[in-house]
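Peer 1: Take a look at this one; I'll ask things after.
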Amino acid sequence: MRFRHGLVFLVLLSLCFTVKSQCIRSCDLALASYFVWPGSNLSFIARVMETSGIDSYNKDVVPNRDSLLAGTRINIPFSCECVNGNFLGYMFEYDVNSGDTYHTVAETYFSNLTTVEAMEWFNSYSPTKIPDSHELNVSVNCSCGNSAVSEDYGLFITYPLRPGETLTSIAQNVQLDETLLQRYNPGVNFSQGSGFVHIPGKDPNGSYPPLKSSSKGLAGGAIAGIIVAAIAGVLLLAVGACFGFHRKNWRYKPEESNGAAGVLTGINVHKSVEYSYEELARATDNFSLANKIGQGGFGAVYYAELRGEKAAIKKMDTQAAKEFLAELRVLTRVHHSNLVRLIGYCVEGSLFLVYEYIENGNLSQHLRGSGRDPLPWSKRVQIALDSARGLEYLHEHTDAVYIHRDIKSANILIDKNFHAKVADFGLAKLIEVGSKSLPTRLREHLDTCRQNMLDVAEFLRK
């Protein structure tokens, strides 16, 4: 009983950290500072950046369309949207050519306007196995301004920093005050030679458009709240990992092979539907971006309607066989109203898991805005209790004991009645009751705590 109360308390505490959304509304337009690399031309840049309006923002830099000087910067207009309620930016679609890698796309073709890490996050392809003639999602961040700094500037440039640049040199180049640029980018070292900053930009008439009231950015207090909540949430998860799941005398089972061949060996899948690749591709319009509803650490998630039922399909690379096995093993053995239901699977080409579709998104989206109304206290309590019941079932009421190991708001799904379902079992572990000595269990417990706290420290340093 004490364990259950502690779990409810932890989930309730995490629900209390409600902050404003990272973005609620867009500001329609932003500029990207594109560093012209040797061999590039305006036609290629316009195609990659999906725009035909480069000329009007670069009248002095681009005197004619046939000439581009390598090593110069041009400002490229692009839409600044609230992407999935998580960040301000735009998701470009890049057509893969033979030999392309995440590095060449991010660092050359998109001129460091995105990062390799972002490419890997928003795409499910292995860095060494990007198929030709496919599309890659390329995210470029943007800014709509900040009324707490100034309301005189409403158009902003996403400006990748390069080696040798400093705050002084950039301020002189754009003829703006250093203090102003630093206030728009608090804590950023302009001399770091990588990353990017946001600086005010001019419209085609050479003027700085003012900040629109509908696109005023987060105030300093909201930003501080986001930072505090993020740190508190990470520490909370670390404490939970150390002290929440060591009540029993447990020992790990040996890990299974990561190979894709024979991945279903020893797993009871007779209650799950085996789908063909063709059926899944047809239901998702060939896994189109329009059907994409999420992106996790182990693959992209697509909406589909399969055999009269709404479904969410997770597409995983074959290198994620370990995580695929973990989810399949857990969800074919446990069934509870507060755990997401597995409908079926597919192992053709890639690895696919088909779940019930949960209409109301995940808890993270509700806590961080995404244009949604704030959750009333009664629903928060209900979500906390549902989450605790699902986890308690895994820990207390199954023949084999499982620990989830990745509980966070993004992995708590909310149905249309605001009941919660625990999801994403890619890191789950199967545990057996054993007979280890107290010193052995204590040492393993402390080792786990130490590693969790080291992970937290590493996260905070980033």
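Peer 1: Examine the stretch 160-168 for a residue that is in a helix (DSSP H, G or I), buried (at least 21 other Cβ atoms within 10 Å of the Cβ) and either modelled with pLDDT of 90 or more or not small (G, A, S) (or both), and state whether such a residue exists.
Peer 2: The answer is no, given that none of the residues of the stretch 160-168 is in a helix (DSSP H, G or I), buried (at least 21 other Cβ atoms within 10 Å of the Cβ) and either modelled with pLDDT of 90 or more or not small (G, A, S) (or both).
Peer 1: Can you work out which of the residues in the stretch 332-361 that are farther than 18 Å from A300 by Cβ and in contact with a Ser or Thr (Cβ under 8 Å, 6 or more places away or on another chain) is surrounded by the fewest Cβ atoms within 10 Å (Cβ to Cβ)?
Peer 2: R333
Peer 1: Specify which of the listed residues (V381, V422) is under 23 Å from K310 (Cβ atoms), modelled with pLDDT of 75 or more and not charged (D, E, K, R).
Peer 2: V422
Peer 1: Further question: Could you say which residue among N338, N291 is in the same structural domain as A423 (by TED's automatic domain parsing), at pLDDT 85 or above, of a type in the set (S, T, N, Q) and in contact with a helix residue (DSSP H, G or I) (Cβ under 7 Å, 6 or more places away or on another chain)?
Peer 2: After applying the criteria, what remains is N338.
Peer 1: Could you tell me whether the stretch 312-322 includes any residue that is on the phi > 0 side of the Ramachandran plot and either buried (at least 20 other Cβ atoms within 10 Å of the Cβ) or modelled with pLDDT under 85 (or both)?
Peer 2: No: the stretch 312-322 contains no residue that is on the phi > 0 side of the Ramachandran plot and either buried (at least 20 other Cβ atoms within 10 Å of the Cβ) or modelled with pLDDT under 85 (or both).
Peer 1: A further question follows. Only one residue in E396, E392 is at pLDDT below 90 and exposed (fewer than 14 other Cβ atoms within 10 Å of the Cβ). Which one?
Peer 2: Every option except E396 fails the conditions.
Peer 1: Then there is this: Given N146, N137, N112, N75, which one is touching a Leu at 6+ places or on another chain (Cβ under 9 Å), on the phi > 0 side of the Ramachandran plot and modelled with pLDDT of 85 or more?
Peer 2: Exactly one residue qualifies, and that residue is N112.
Peer 1: Continuing with the same structure: Being in a helix (DSSP H, G or I), touching a helix residue (DSSP H, G or I) at 6+ places or on another chain (Cβ under 7 Å), assigned by TED's automatic domain parsing to the domain that holds F287 and modelled with pLDDT of 90 or more, is that true of even one residue in the stretch 361-378?
Peer 2: Among the residues of the stretch 361-378, not one is in a helix (DSSP H, G or I), touching a helix residue (DSSP H, G or I) at 6+ places or on another chain (Cβ under 7 Å), assigned by TED's automatic domain parsing to the domain that holds F287 and modelled with pLDDT of 90 or more, which makes the answer no.
Peer 1: Here is a further query. Is it the case that A326 is outside any loop (DSSP other than H, G, I, E, B), at pLDDT 80 or above, in the same structural domain as K429 (by TED's automatic domain parsing) and more than 21 Å from R405 (Cβ to Cβ)?
Peer 2: no
Peer 1: Applying the selection to the stretch 82-121, what residues are free of Cβ contacts under 8 Å to residues at least 60 places away in the same chain and of a type in the set (D, E, K, R)?
Peer 2: D95, D100, E107, E117, E120
Peer 1: Keeping to the stretch 86-132, report how many residues are among the polar types (S, T, N, Q) and touching a strand residue (DSSP E or B) at 6+ places or on another chain (Cβ under 7 Å).
Peer 2: Number satisfying all stated conditions: 5.
Peer 1: If you go through the stretch 175-192 one residue at a time, how many are closer than 24 Å to V61 by Cα and surrounded by fewer than 16 Cβ atoms within 10 Å (Cβ to Cβ)?
Peer 2: 3
Peer 1: Here's another thing I want to ask about it. Hey, can you tell me all the residues within the stretch 269-301 that are touching an Asp or Glu at 6+ places or on another chain (Cβ under 9 Å), surrounded by 13 or more Cβ atoms within 10 Å (Cβ to Cβ) and outside any loop (DSSP other than H, G, I, E, B)?
Peer 2: Correct list: Y277, L280, A283, N291, G296, G299.
The values are calculated or read from the model by the stated rules, or taken from the named source; none is laboratory data. Treat the numbers as computed from the prediction; the structure is a model and nothing was measured. Backbone-built Cβ (ideal geometry, glycine too); neighbour counts: all protein chains shown.
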